[in-house]
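Take a look at the structure set out below.
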Amino acid sequence: MTSEHEIIVVGGGHNGLVAAAYLAKAGLDVLVVERQAKCGGGVLTEELTVPGFRHDVFSSDHALIQANPLIAQDELGLKSKYGLKYLTHSPGTAFVFPDDRALILYDELDKTCESIAQFSRRDSETYPKFIEACREMEAILALYMFSPPPAFGSMISFLEASERGREYLRLILSSALEVAEDWFESEEVRAALVRSVSEVLIPPHQQGTGNFVFKFAPAAGGVVIPEGGSGALTQALLRYLHDAGAGILTESPVKAIKIDSGDARGVVLGTGEEILATKAVVSSVHVRQLLLEMLPNSAVPSRLRQSLLHIRPSVFVTMKQDLALSEAPRFNAGGDVDRALFVRLTRPMKEMLRMYDDFRYGVPQTKDLGIGTPTRADSSRAPEGKHVLFIWQHEPYRLDGGASEWDSRKAEIADGALDTLRKHTKNLGPEAILGRFVRTPLDLERCNPTWTGGDGNHIGVSLSQLFSNRPLPGWGHYRTPINRLYMAGASTHPGPGVSGGGRAAALRVMEDLKINVRKALEK
């Protein structure tokens, strides 16, 4: 049995759906092929514990995507027509230290400065200048975030042409730790800043992580989440695709890309069924899976195969557990920490940096935790008066005995993290926990094979694998060596996170198909 469409999108994660939606908006006949029973990838919300409690499967914070024209200009009508609603909550994040003192980030700059002042009066006076610098650097970064990036050399030349650009260039070549030390004197303020940057799964003392200080450091204390759960974005995209006439095929793993005369002509499913693509195939799976597993060896030059094997993964990955609670957690720190959407239990700087080094040797940890309680802002995710909470922690994929050790140590490490949280709270005894669901890095890989090594980033975000260097130097254009075969997703620019990066890939496909992008976006 063979069917035919103009565009086939392989992978129905949020980036694949975004790319499909923009191509459908351009009037193309699009089919999305997804191996799982549901589309969404890491942008899903499900009842993981007990009925009535809705948990985000992986991603929760949607701050990055807010600047994308997809959302900022509502180009697909996801907000105005398809029910997507974002909630901003302040205080967004609180950093709680071992002695239960807390640094709290608010929407109101003066309140954040008051919180910083308890650690350093000088840092509280510096913080507004830091925020101003954040906004300036974000303006530069926005030039490259949501469209196909320029060649790396061209980007460097552009930055070198102005004083502000040169300052940004210096920052992206620095480490986040160095930037924190340049700006602030307090160990607590520095620790909060580098702890934020570490969310990209790369040690903050590694060169090149300065790039993320202004991308992830909070220029405002608010956190943005979708009402109803992270999966609300996926559902809005699916409604758009339905109205646009696009097809969605789930539980259909792609075994191979069909190649004919050097061109991508469609896909071959695990069942042997072929689906033809008359114009293009767009993949949002891991770059190595696409080029090393779905293509014949003869289609990929040997030198490229070697380069693909040398792509670096993230230095560490994530473990996550979800809890259904009878009430919201009450922290020992008290005050507005009990209102914060996210709480980061943050270790002293030396211990934190040693932890990241230990990951290279397979040493797990249970002290440095992220805590999210989305029901503080969105009561629709749990029965009345009840709450959902998640704990995420950085961990090595391979423990000392290998990745398989996670199966035998899962309960021990998860319980250790929960015990740490209990030490900083007053009301999380066994009676308060109505349900619990734990996923180790190995579990995450099993539930989503695109996350090889449990890596939701696909590949690491070192500077050598960012901008037009992602996934390889000179490859930031979304094209592959195979004509009519394109890449989207976390393996490509702008990288991981809920950013809607599939938009940029779709623009590249439109450009190659000689579609007027401006007119397509105005439809």
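Any read-out appearing in this document is the output of simple, stated calculations on the displayed coordinates, not a laboratory observation. Treat the numbers as computed from the prediction; the structure is a model and nothing was measured. Don't worry about glycine lacking a Cβ; one is built from the backbone with ideal geometry, like all the others, and counts go over all protein chains shown.
Of note:
- Amide H within-cut-off set for N483, under 5 Å, with H built and near neighbours excluded: A264
- Surrounding net charge for R381, when Lys and Arg each add one and Asp and Glu each subtract one, Cβ distance under 14 Å: -3
- One equal scatterer on each Cα of the chain, no solvent, Debye formula: the resulting log10 I(q)/I(0) at q = 0.07, 0.11, 0.12 Å⁻¹ is -0.37, -0.96, -1.15.
- Histogram of C-alpha separations across region 3-77, 5 Å bin width, %: 3, 14, 19, 20, 20, 13, 8, 3, 1
- Couplings for region 507-520, taken from phi via the Karplus curve 6.51 cos²θ - 1.76 cosθ + 1.60 with θ = phi - 60°, read 4, 5, 4, 4, 4, 5, 8, 6, 8, 6, 5, 4, 5, 5 Hz in order; Gly and Pro are left as x.
- Amide H partners (placed H, <5 Å) of G435, local residues excluded: A324
- Extension gain (nm, one decimal) between R122 and R354, 0.36 nm per residue minus Cα-Cα: 80.8 nm
- Each residue of region 331-347 was assigned a 3J(HN,Hα) from its phi angle through the Karplus curve 6.51 cos²θ - 1.76 cosθ + 1.60 (θ = phi - 60°); the sequence is 7, 4, 4, x, x, 6, 4, 6, 9, 5, 6, 10, 10, 10, 6, 10, 7 Hz, with glycine and proline shown as x.
- Across the alpha-carbon set of region 332-450, the Rg to Rh ratio works out to 0.98, Rh being the Kirkwood radius.
- Here K410 is the anchor, and the aspartates and glutamates within straight C-alpha reach of less than 15 Å, apart from those fewer than 8 places off in the same chain, are D322, E395, D400, D419, D443, E445.
- Within a straight-line Cα-Cα reach of under 25 Å, K38 can be paired with the following lysines, leaving aside sequence neighbours fewer than 8 residues apart in one chain: K25, K79, K81, K85, K255, K258, K320.
- The value obtained for region 199-286, namely the Cα convex hull volume divided by the number of residues, is 204 Å³ per residue.
- With a cut-off of 13 Å between beta carbons, the residues surrounding T45 carry a summed charge of -3, where Lys and Arg count +1 and Asp and Glu -1.
- Derived scalar couplings between HN and Hα for region 248-263 equal 10, 10, 9, 6, 9, x, 8, 8, 7, 8, 6, 10, 9, 6, x, 10 Hz in order, rounded to whole Hz, by the Karplus curve 6.51 cos²θ - 1.76 cosθ + 1.60 (θ = phi - 60°), x for Gly and Pro.
- Look at the alpha carbon pairs under 8 Å that are at least 6 residues apart: their mean separation over the length of region 438-519 gives a relative contact order of 19 percent.
- Here is the size of region 101-151 from its Cα atoms: Rg then Dmax, 15.0, 46 Å.
- Rg followed by Dmax, in Å, when region 130-217 is reduced to its Cα trace: 12.9, 39
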